[in-house]
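These notes concern the structure reproduced below.
The values are calculated or read from the model by the stated rules, or taken from the named source; none is laboratory data. All values reported here derive from a predicted model rather than from experimental measurement. Using ideal geometry, Cβ is built from the backbone for each residue, glycine included, and neighbour counts are taken over all protein chains shown.
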Amino acid sequence: MESTLIKVIKLYEDFASTSGTKPEADNLVQFVAFLNDRVQPKSDFSEKISMANWKKFSRKTLLEMTIAYLGKMNRYVDNYGRKNLATTSVGTIEEFTYLIPLLDNKVYTKSDLIQQNGHPITTGTDIIKRLISKKYIAEKTNPNDKRSIHITITKKGQQAIFKSSEILNQLSLTGAGILSNKELISLLGMLQKLDHFHDRVHKSHKELVLSEIVADYRKELHV
């Protein structure tokens, strides 16, 4: 009888063969999601969204439905955020997502923060300006390169996040709280995979012309 370790090694070999050799595909979150799909008992998804009910649809239809649902989920969360975060020190979800990465003391430039949030330069610059005016973040010149400006979070910015924590917790709970831990891990693995892909697209295709993106990533897009 095979030991658990041998089974895990074999499962990892299967995972590596299906995820490819790219570094961004080989990570613990995606491996755990793979394990959940392979060895965990049936998820507590309702019958309405069970795997069998989706198999009759073409890939084109599945893709269109996925994008529609992702867009709708974003609007739901945005609506909760606009109505509730406005009453806190952190006024918007965007301000929160710009502040959170700064808590780990990693050095960020303006372009780093904007790129991480996937915003156009003008939108990201406006958000950063708002945070500077609120004194939530500060700009510092890089001592090694006077042309480079670093962004750091201030004590006031840290306090703003902490004071808003209850609403932020309620927002995340309302947004995804019906999912089990297993479902959350699977979802995070898939979202991380999508994020890595779109991050590469945004870096290599500044104009974001869809026909060029499809042509360049044809194999990955299963076209």
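Only one of (1) in a helix (DSSP H, G or I); (2) closer than 14 Å to T92 by Cβ is not met by T122, so which one is it?
It fails just one condition, (2).
Against the condition out of contact with any helix residue (DSSP H, G or I) (no Cβ under 8 Å at 6 or more places or on another chain), within 22 Å of N117 (Cβ to Cβ) and charged (D, E, K, R), how does R200 come out, does it pass?
Against the criterion (out of contact with any helix residue (DSSP H, G or I) (no Cβ under 8 Å at 6 or more places or on another chain), within 22 Å of N117 (Cβ to Cβ) and charged (D, E, K, R)), R200 qualifies.
For every residue, the table says whether it meets (1) surrounded by 12 or more Cβ atoms within 10 Å (Cβ to Cβ); (2) in contact with a Cys (Cβ under 6 Å, 6 or more places away or on another chain); (3) of a type outside the set (K, R).
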{"site": "L131", "(1), (2), (3)": "yes, no, yes"}
{"site": "E166", "(1), (2), (3)": "no, no, yes"}
{"site": "T174", "(1), (2), (3)": "yes, no, yes"}
{"site": "K203", "(1), (2), (3)": "no, no, no"}
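With the requirement that a residue be surrounded by fewer than 12 Cβ atoms within 10 Å (Cβ to Cβ) and under 19 Å from the mean Cα position of the chain (by Cα), what does the stretch 77-102 give you?
N79
Just for helices (runs of 4 or more DSSP H) wholly inside the stretch 54-118: which have at least 3 residues that are among the hydrophobic types (A, V, I, L, M, F, W, C) and either under 18 Å from E139 (Cβ atoms) or touching a residue at least 12 places away in the same chain (Cβ under 8 Å) (or both)? Explain how you work it out, then say what you get.
Working: elements: 59-84, 93-99, 110-117.
Ranges flagged: 93-99.
Considering the stretch 164-223 alone, what residues qualify as being at pLDDT 90 or above, assigned to a loop (DSSP other than H, G, I, E, B) and closer than 22 Å to I121 by Cβ?
Within the stretch 164-223, just V209 meets the criteria.
Is it the case, given these coordinates, that P143 is under 30 Å from K83 (Cα atoms) and either charged (D, E, K, R) or free of Cβ contacts under 8 Å to residues at least 12 places away in the same chain (or both)? Break it down into steps so the answer makes sense when it comes.
Numbers: under 30 Å from K83 (Cα atoms): no; either charged (D, E, K, R) or free of Cβ contacts under 8 Å to residues at least 12 places away in the same chain (or both): yes.
Answer is no for this residue.
Applying the selection to the stretch 163-187, what residues are closer than 10 Å to T88 by Cα and among the hydrophobic types (A, V, I, L, M, F, W, C)?
Let us first name the residues in the stretch 163-187 that are closer than 10 Å to T88 by Cα, namely 163-168.
I167, L168, listed by residue number.
Please determine, by comparing only the residues of the stretch 137-163 that are among the polar types (S, T, N, Q) and part of a helix (DSSP H, G or I), which one is surrounded by the most Cβ atoms within 10 Å (Cβ to Cβ).
The residue in question is Q158.
Return a yes/no flag: does the stretch 185-194 have any residue that is surrounded by fewer than 15 Cβ atoms within 10 Å (Cβ to Cβ) and not hydrophobic (A, V, I, L, M, F, W, C).
No; the residues of the stretch 185-194 include none that is surrounded by fewer than 15 Cβ atoms within 10 Å (Cβ to Cβ) and not hydrophobic (A, V, I, L, M, F, W, C).
Going by the structure shown, is A68 of a type in the set (G, A, S), at pLDDT 65 or above and under 18 Å from G189 (Cβ atoms)?
Working: of a type in the set (G, A, S): yes; at pLDDT 65 or above: yes; under 18 Å from G189 (Cβ atoms): no.
So A68 does not fit the description; no.
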